[in-house]
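The values are calculated or read from the model by the stated rules, or taken from the named source; none is laboratory data. Being a predicted model, the structure only gives us computed values, none of them experimental. In this analysis, Cβ positions are derived from the backbone assuming ideal geometry, glycine residues included, and neighbour counts consider all displayed protein chains. Accessible surface areas use protein heavy atoms only, side chains included; no ligands, DNA or RNA. Shrake-Rupley method; radii C 1.70, N 1.55, O 1.52, S 1.80 Å.
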Amino acid sequence: MAAYKLVLIRHGESCWNQENRFCGWFDADLSKTGEQEAKRGGQALKDAGYEFDVCYTSVLKRAIRTLWFVLDSIDQMWVPVHRSWRLNERHYGGLTGLNKAETAAKHGEAQVKIWRRSFDIPPPSMDEEHDFYQSISKDRRYGDLTEDQLPSCESLKDTIARALPYWNEEIVPQIKEGKRVLIAAHGNSLRGIVKHLEGMSEEAIMELNLPTGIPIVYELDKNLKPLGPMQFLGDEETVKKAMEAVAAQGKAKK
Amino acid sequence: MSRYKLFLLRHGEGAWNKENRFCSWVDQKLSDDGVKEAHDCGKLLREQGYKFDIVFTSILSRSIQTAWLVLEAMGQEWVPVVKSWRLNERHYGALIGLNRAEMASVHGEEKVKLWRRSYDVTPPPIDVDHPYFREIYNDRRLLPYWNNTVVPEIKEGRTVLISAHGNSCRALLKHLEGISNEDIAGVTLPTGIPVLLELDENLRSVKPRQLLGDQAKIQAAIKKVEDQGKAKPSV
């Protein structure tokens, strides 16, 4: 018997996704497609009659705006929203802004493969010379972060290490108080929560790509252990496609 | 000597503003024009280079939607937004849902002006038979909230935006500018126009409030709000 229900949603396509560029902490906006994905996700939650008491998101607009579209769809704009850098997407360091081809050209295919396959090897740092150093590292929204906290690059391990304290200290107590929680965030910060909830291995979490714009529901027992695999909300077609895509990921090895 | 900057913003047009009906605690969203007003306001604030640290809104969708649109236009979606019922529009009791001009025809312009703008006259209370009673009370006040929650933020040096409603903003202005019970009746806030207040270290206004933007447009907006109380024959 589920003690709690938790809903996660990964934001949809951003303008940089469209251009196939490493986005990370760059504050790219949703593309028109991404906005549609968010609205569709909101509609799915509306159709299923979900109510929330508190929402969490990152400080990047693609996640925040996704949450706003959802809250608007379900008519719950008044629900409190908490934003934290700890739910930000993984910081891609020196790769931020590069597209796939540029990255391969700059660092070689072999190195790119290592970064893609590795849990704990970070990409090169974003140094002061980087095009986006000023606009990211010096942005006012990170003004309260200590030197230790502000990353210049992250491995997936690093991302998860700074996301989980927020999950444990801020989100879990709310769930345990019986608050119904919605988290709108990014592929890698959500991976951190999923890995933790399901007790997944490093290899397993790296294989998992969460679908975008689709509400992901966990039913949890009183110890916050999932009672079953994640469920997707949406019309039959959308849910089927998402489930198949996730199932196929474990098999394909590129 | 001005130490702090505070912004007040009255949300723009909702569907019932268009129909000149008392909306109050009924939770309407912005009309297309209201969306545009919010967007234009955000654009103006961005052009003038303002940076917010924290935003306070009511728990009515139209003020929240306004805040979101302003933050979007300014690229400051990441700024914390705090919502409270204490910033809600004034509760108009049994008048909720009724048309202002019709009310003026029936009760006279003076009476309607008194209900809308006076300091301490309450409209007839809402009761359980009212068509909008269910909608309001099945859905899941001001100065304590101001003192306990907003003032500490200002004193920390944060630039605050309050995105709220005509009467909750007027109530705040009365407090900050020391406007008398009589004089407050003459104060009208236009929609979608940011109001900048500069405060000393005791949070009292050091100069007259500034309404930012094109001044002719602002005067027209004020007149538009005041004219809602003019009697129109019912059709």
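Label positions at residue A:53 and residue A:245, each projected 7 Å from the Cα along the C-beta direction, are separated by 3.2 nm.
Just to compare against my own numbers: the Cα pair-distance distribution for chain B, 10 Å bins, whole % per bin, please. Bins of 10 Å from zero give 7, 33, 38, 18, 4, 0 percent of pairs. The mean number of partner chain beta-carbon atoms within 10 angstrom of a residue's beta-carbon across peptide B:80-86 is 3.
Take the Cα of residue B:149, go 7 Å toward its beta carbon, and the backbone nitrogen atoms of the range B:37-68 under 17 Å from that spot belong to B:53-68.
Dimensions of the protein assembly as shown along the principal axes, based on C-alpha atoms and rounded to the nearest Å, stand at 80, 53, 38, largest first.
Return one quarter of the surface area of the convex hull spanned by the alpha-carbon atoms of the range A:41-98, equal to its mean projected area, in nm².
On the way: hull surface 18.6 nm².
Average of the hull's projected areas for the range A:41-98 equals 4.7 nm².
Apolar share of the accessible surface for the range B:51-185: 50 percent from carbon plus sulfur atoms, 1.4 Å probe. Between residue A:114 and residue A:161, the FRET efficiency estimated from the beta carbon spacing at R0 = 30 angstrom works out to 0.90. Computed from Cα atoms alone, the Kirkwood hydrodynamic radius reported for the range A:120-254 is 17.2 Å.
Helices in the protein assembly as shown, meaning DSSP H runs of at least 4 residues, each add -39500 (n - 2.57). Divided by all residues, the mean residue ellipticity at 222 nm is -11500 deg cm²/dmol.
Cα-based Rg of the range A:65-153 per 2.2 N^0.38 Å, rounded to two decimals?
Values: Rg = 16.9 Å, N = 89, 2.2 N^0.38 = 12.1 Å.
Taking the Cα Rg and dividing by 2.2 N^0.38 Å, one obtains 1.40.
The share of alpha-carbon pairs in the range A:179-254 lying farther apart than 17 Å comes to 48%.
Given all pairs of different Cα atoms, what value in angstroms does the Kirkwood hydrodynamic radius of the range B:2-43 take? Walk me through the numbers before you get to the answer.
Working: mean 1/r = 0.0858 Å⁻¹.
Answer for the range B:2-43: a Kirkwood hydrodynamic radius of 11.7 Å.
Based on Cα atoms of chain A, Rg over Rh with Rh as the Kirkwood radius reads 0.95.
Output the antiparallel fraction of DSSP beta bridges having both residues in chain B, as a percent to the nearest 5. List each step's numbers first, then the result.
Details: 10 of 22 bridges.
In chain B, approximately 45 percent of DSSP beta bridges are antiparallel ones.
With r defined as the distance between the Cβ atoms of residue B:121 and residue B:32 and R0 fixed at 25 Å, what FRET efficiency is calculated, to the nearest 0.05? Intermediate results must be reported in sequence, preceding the final value.
Working: r = 34 Å, r/R0 = 1.36.
Step by step, r from the Cβ atoms, then E = 0.15.
When the label point is put 7 Å from the Cα of residue B:210 along its Cα-to-beta-carbon vector, which residues of the range B:2-42 have a backbone N closer than 15 Å? Correct set: B:2-8.
Candidates B:71, B:15, B:147 compared by Cα position along the dipole of the range B:1-155: farthest toward the positive end lies B:147, with charges placed on Cβ.
Across all C-alpha atoms in the range A:1-110, the radius of gyration and Dmax reach 16.3, 53 Å.
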